[in-house]
1. Across 10 Å bins from 0, what is the distribution of all Cα-Cα pair distances for region 50-98, in whole percents?
2. Quick one: divide the alpha-carbon radius of gyration of region 31-75 by 2.2 N^0.38 Å and tell me what you get.
3. What is the Rg over Rh value, at two decimals, for region 449-505, using alpha-carbon atoms and the Kirkwood definition of Rh?
4. For a quick size check, give me the Cα extents of region 497-577 along its three principal axes, largest first, whole Å.
5. Sorted by accessible area (1.4 Å probe), largest first, how do THR656, THR490 line up?
6. Restrict the search to region 30-118; then list the chymotrypsin sites (Phe, Trp or Tyr not before Pro) that DSSP places in a loop and that have at most 15 other Cβ atoms within 10 Å of their Cβ.
7. Compute for region 145-237: radius of gyration divided by Kirkwood radius, i.e. Rg/Rh, restricted to C-alpha atoms, rounded to two decimals.
8. How many angstrom lie between the Cα centre of region 410-489 and the Cα centre of region 528-563?
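The values are calculated or read from the model by the stated rules, or taken from the named source; none is laboratory data. All of these numbers come straight from a predicted model, not from anything done at the bench. Heads up, the Cβs are rebuilt from the backbone with ideal geometry, glycines too, and the neighbour counts pull from every protein chain shown. Heavy atoms of the whole protein, side chains included, go into the accessibility calculation; ligands, DNA and RNA do not. Shrake-Rupley method; radii C 1.70, N 1.55, O 1.52, S 1.80 Å.
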Amino acid sequence: MKRLHSARLLAAASPFALLCTIVGAQAQAVPLGTVANFAILAGETITNTGGTVITGDLGLAPGTATTGFVFSPDVGPGVVNGAVNIADGVAVQAKVDLVTAYLNLQGRPTTVDLTGQDLGGQVLTAGVYNFDTSAGLDGTLTLDAEGNPNALFIINIGSTLTTEAASTVALINGAQAANVFFRVGTSATLGTTTTFNGNIVALTSITLTTGANIICGAAWAQNGSVTLDTNTITVCPLIPATVGEVLGPELPDNTQAVVDAIDALLEGGTLPDDIAALIAFLSPDELAAVIAQLGGETATGVAPTGTTAMSSFFSTVLNGTGARRGVIVSRTPSGSVGTVTPADDLPPNTVMTMGYAAVEAPPLAYSAFDQVGLVALPDPDRWTIWGTGFGGIDTVQGDDDAGTHDRWSRNVGFAIGVERRLGSVATLGAAVGVTGTQFVLADGFGGGTSRIVQAAVNARVDAGAFYIAAVAGYGWHHVMTDRTITGLGTTNLVAEFNAHSVGGQVEVGYRLGNARTSVTPYASVELQAFFSPAYTEEALTGVEAFALTYDANRTTTLRTEIGARFRHSFALAGGGSLSLHGSVAWAHQQAWGNTMTAAFVDAPDTTFSIEGAQQTGNALLLSAGVELALANHFSIGGSVSASFGQGSRSYGVSATISYRF
């Protein structure tokens, strides 16, 4: 017994673009109109022998001759449990509707070609099957809906359909005969005692031999006659199911949101035709997977990725330059004792060690390996220019219950800035940067890229060992997203738009220690708002109706840190210094509004909301770095950092060069 899964074969053959663009409005239900009420409809004559029982209407047009029924002039044994319409307006309209249905079925793109094969022994799932010429049924044809009561089966036959004696068309797993159509190019003949399910739509004539029964279905002959002999034909109405009923109640939140929107369109709106095709031709498991893709979770990755990139930029501006208020160190002859003095009070020709506050400390004691001592000397330099390259990767875990997927992102950027010291207390600065980002959702749920242009101003005030520093900035994000819908072929959807973000960070700390070693407890707060505009996707390939239009959205992120920084400095021959530094901190992040509201482009009035993986909750932050301050007023340094949170990981690197003058 051969089993043909039309959806999988269709995906392999990639004819879905044809399925949706050619069939158009007829992608799901066959447009039957009034013919759906008729068990028999013919063009020339309807002839019966024996005790035939028809449950449903009987119609004939333009012909007028019927024989073998109780209503016929010869009062035959055939019984019709339904209306009889002979060459009247009802019959004529039914014939018009029958022609429409026939042409619709004939125009369906083929999903599987069965030319030359016998239908007997086949197990077919929902789809459109083709025979170039004649088709035969010897044995049992099984139509398997795979649990989807909306499954549609269309068998297009170029010429004749013939069933052998005792053949059967069987329905399993929720298949409904009202959704089964045999479109026959000429005439159909059902052999004796055939047990048939489905609608026969023949261009010419239909013959049911002795004892052949259409258990659930109809016989519609467009131009010719219907001939009967002791048969039973019963019309069965279609009982459609909502997508929610097909998929069941235990769905992830994102999938459920799309299902509710589709069902709302089924019940009171206009469902996009190409989405209707999914409902008709996919199994429940396949349908659930595709509906999850339809939700457009890709859009939820834009704001978190952009926010992370801006956070890296803020940290670079706030902590990455050589202009921080520190201690100036130089060499003295062996055995002498150095003193530490605020930098602005000292004479020229010195080197700054990057720190976090001005320090006044007692005389220093030195290790045995020191051949010379440290002494704080003056530093009149007021300006600092700096440049920093930075980058990082982040992974955020999705949530199965919510229907969100793991997200991986990275950012690589460069920033330059200038700072001006105002006396011994304040520092003002400005910076600009450019960052590129990329994010990808797991399981093929799409991704995106962005180019960000950033600008910020920063300030710092020192009061002894205490300091407060702040940065405020703006980001212009040029965003591109890309996602793929699979199932019945492949559709590639893209979008391109500009977004904006504003935010800032404030940090306070207190430096403990001396010119050689210090510990700086600190706390910081960062607040950002990311503004996405309303935008619409377009299809590069495949089906435009799968595209979404998104509402404008604002995502707000609040991040707090409490921790400590550590630093140890070594004086170098020639008037420089080497500093090792690190930090450990606890962070908490909370986000609001990273839920995108969307609608299908062909159904803009029915919206749904999709959420994405969130990098929220608590995290442990670690960093380590090195800085080299040279006597020629240049400083270089680098650092690595890591964050380990609840369902998230991130790693970062940076390198900085600065010059004082």
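1. Histogram of Cα-Cα distances, whole percents per bin: 28, 53, 20, 0.
2. 1.19
3. Details: Rg = 20.2 Å, Rh = 14.7 Å.
Checking Rg against Rh, the ratio lands at 1.37.
4. That gives 69, 29, 16 Å along the principal axes, largest extent first.
5. Working: THR656 25, THR490 80 Å².
Greatest to least solvent exposure: THR490, THR656.
6. When the chymotrypsin sites (Phe, Trp or Tyr not before Pro) of region 30-118 are filtered for loop state and at most 15 Cβ neighbours within 10 Å, PHE71 remain.
7. Rg/Rh: 0.96.
8. Their Cα centres are 18 Å away from one another.
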